[in-house]
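Below you'll find the structure, written out as structure tokens, and then a few comments.
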Amino acid sequence: TVAHAAAALNAKVATVAHRGASAYAPENTLAAFRLAKTKHADVFELDVQETKDHKLVILHDSTLARTTNVETVYPGKKPWKVSSLTLAQVKKLDAGSWYSAKYKGQRVPTLAETLSAMRGSGLGLLLEIKNPASYPGIEGRIAAELKRSPSWLRADPNERRLAVQSFDWTSVNRFHALLPAVPTAVLGTPAVADLPKVAKYADQVNPPYKGLTASYVKKVHAAHMDVLTWTLNDRASVQKAVKLGVDGIISNKPDIVYGVVRSR
Ligand code: G3P
Ligand code: CA
């Protein structure tokens, strides 16, 4: 799994940059992904959605309002859903200025551009399928894109640098059926009784940190899955999460996680 690969590299606990190093650069942009490397992440996380013409783009919200200048560029398109604009239209937007003038000119990246730009980075990728119920067939389109980037799909478990996750477990199951070589994760906290069922199609359980216990982590491990928890941005919480026995920590500040993990 991604966590095991990261463990083999340099850490007992994988450091995952949430939407890139999103505390320091505009989330889900190539700038944030590249900065994840500088900030010592092992893995970067991103959210995949679709434009009106079914192109895979990296965006967290279902609308472009918060993280681009869409309101000024397309005032008539309220509520600015990503699914209501074509890729050509989305590419006209600035995805950096809302964060800081320093990042003016950042664009909403496509999945293809991200896979290509980050291929040589040495970072793993935690790919979230966001809102799949709104995009029927998105799992197949993601699988097809990944197949076009074989370096992200190495068969050797120690070389695996990719995992696919979603809050929609049906979507995770569907993706697993399409591309079983790629590790998968369910976002959330499945009931302990359901863990054997989840383990049939998932390699990780990625729960929110709030309410997570050492006993639950042990049960997930007993079901042969890893645990990556989110979203922890301060040293004290990261230290507590590490004590729970998790395999990875998803953070907007990967340097903070690295500082704790490295000093162990
Ligand atoms: O990777 C965990 C986290 O990304 C899930 O929440 O809303 O940030 O996509 P969200
Ligand atoms: Ca996410």
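Nothing in this text is a laboratory measurement; each read-out follows from the coordinates by a stated rule. As the structure is a prediction and not an experimental result, all values here were calculated from the model. FYI the Cβ positions are ideal-geometry reconstructions off the backbone, even for glycines, and counts take in every protein chain you see.
In summary, the aspartates and glutamates within cross-link reach of LYS243, defined as a Cα separation below 16 angstrom excluding same-chain residues under 8 places away, comprise ASP226, ASP234. The gain in end-to-end length when the ARG154 to LYS197 segment is fully stretched comes to 12.9 nm, 0.36 nm per residue minus the alpha carbon separation.
Less than 5 angstrom separates the built amide H of ALA14 from those of GLY248, ILE249, all sequence-distant by 5 or more or on a different chain. At an R0 of 41 angstrom, the distance between the Cβ atoms of HIS221 and THR170 translates into a FRET efficiency of 0.95.
Put simply, the C-alpha atoms of the chain give a gyration tensor, and the ellipsoid matching it has half-axes of 29, 21, 17 Å, longest first. Using every pair of distinct Cα positions in region 94-178, the Kirkwood expression returns a hydrodynamic radius of 14.5 angstrom. Computed over the chain, relative contact order equals 21 percent, with contacts defined as Cα pairs under 8 Å that lie 6+ residues apart. Near the amide H of PHE44, within less than 5 Å, lie the amide hydrogens of ALA17, GLY124, LEU125, LEU126, all on another chain or at least 5 residues away, with H placed in the peptide plane.
Divide the volume of the convex hull around the Cα atoms of region 1-149 by the residue count and you get 107 Å³ per residue. For LYS81, which lysines qualify as cross-link partners when the Cα separation must be under 22 Å and same-chain residues fewer than eight apart are set aside? Qualifying lysines at Cα under 22 Å: LYS52, LYS55, LYS91, LYS92, LYS104, LYS130.
Taking each residue as 0.36 nm, the span from ALA214 to ALA133 lengthens on full extension beyond its C-alpha to C-alpha distance by 25.9 nm. Defining a contact as two alpha carbons under 8 Å apart and six or more residues distant in sequence, what relative contact order in percent does region 68-208 show? 15 percent. Exposure proxy for ASP42, ASP226, ASP194: other Cβ atoms within 10 Å of each Cβ, ordered fewest to most, give ASP194, ASP226, ASP42. Amide hydrogen proximity for LYS52: with H placed 1.01 Å from N in the peptide plane, the residues at 5 or more positions away or on another chain lying under 5 Å are SER84, LEU85, THR86, LEU87. Among LEU64, ALA41, LEU93, which residue has its Cα positioned farthest towards the positive end of the charge dipole of region 1-117, with +1 placed on the Cβ of Lys and Arg, -1 on the Cβ of Asp and Glu, and the dipole taken about the Cα centre? Comparing the listed Cα positions along the dipole, LEU93 ranks first. For PRO132, neighbours were defined as the other residues whose beta-carbon sits under 9 Å from its Cβ, and their charges (Lys and Arg +1, Asp and Glu -1) total 0.
In the calculated pair-distance distribution of region 92-239, the portion above 28 angstrom amounts to 28 percent of the Cα-Cα pairs.
Listed values for region 132-142 are Karplus-derived 3J(HN,Hα) couplings in whole Hz (6.51 cos²θ - 1.76 cosθ + 1.60, θ = phi - 60°), namely x, 4, 7, 10, x, x, 4, 4, x, 6, 5, and x replaces Gly and Pro. Net charge in the neighbourhood of VAL217 (other residues with Cβ under 13 Å of its Cβ; Lys, Arg +1, Asp, Glu -1) is +2. Per-residue 3J(HN,Hα) values for region 249-261, derived from phi via the Karplus relation 6.51 cos²θ - 1.76 cosθ + 1.60 with θ = phi - 60°, read 10, 9, 8, 6, 10, x, 5, 5, 4, 4, x, 6, 5 Hz in sequence order (x marks Gly and Pro).
Considering just Cα atoms, how many Å³ per residue does the convex hull of region 75-142 enclose?
136 Å³
How high is the relative contact order of region 159-264, given as a whole-number percent (alpha carbon pairs under 8 Å, six or more residues apart)? Relative contact order of region 159-264: 19 percent.
Here the Karplus curve 6.51 cos²θ - 1.76 cosθ + 1.60, taken at θ = phi - 60°, turns the phi angles of region 85-101 into couplings of 10, 7, 4, 4, 5, 4, 5, 7, 8, 9, 9, x, 4, 4, 8, 6, 4 Hz, with x standing for Gly and Pro.
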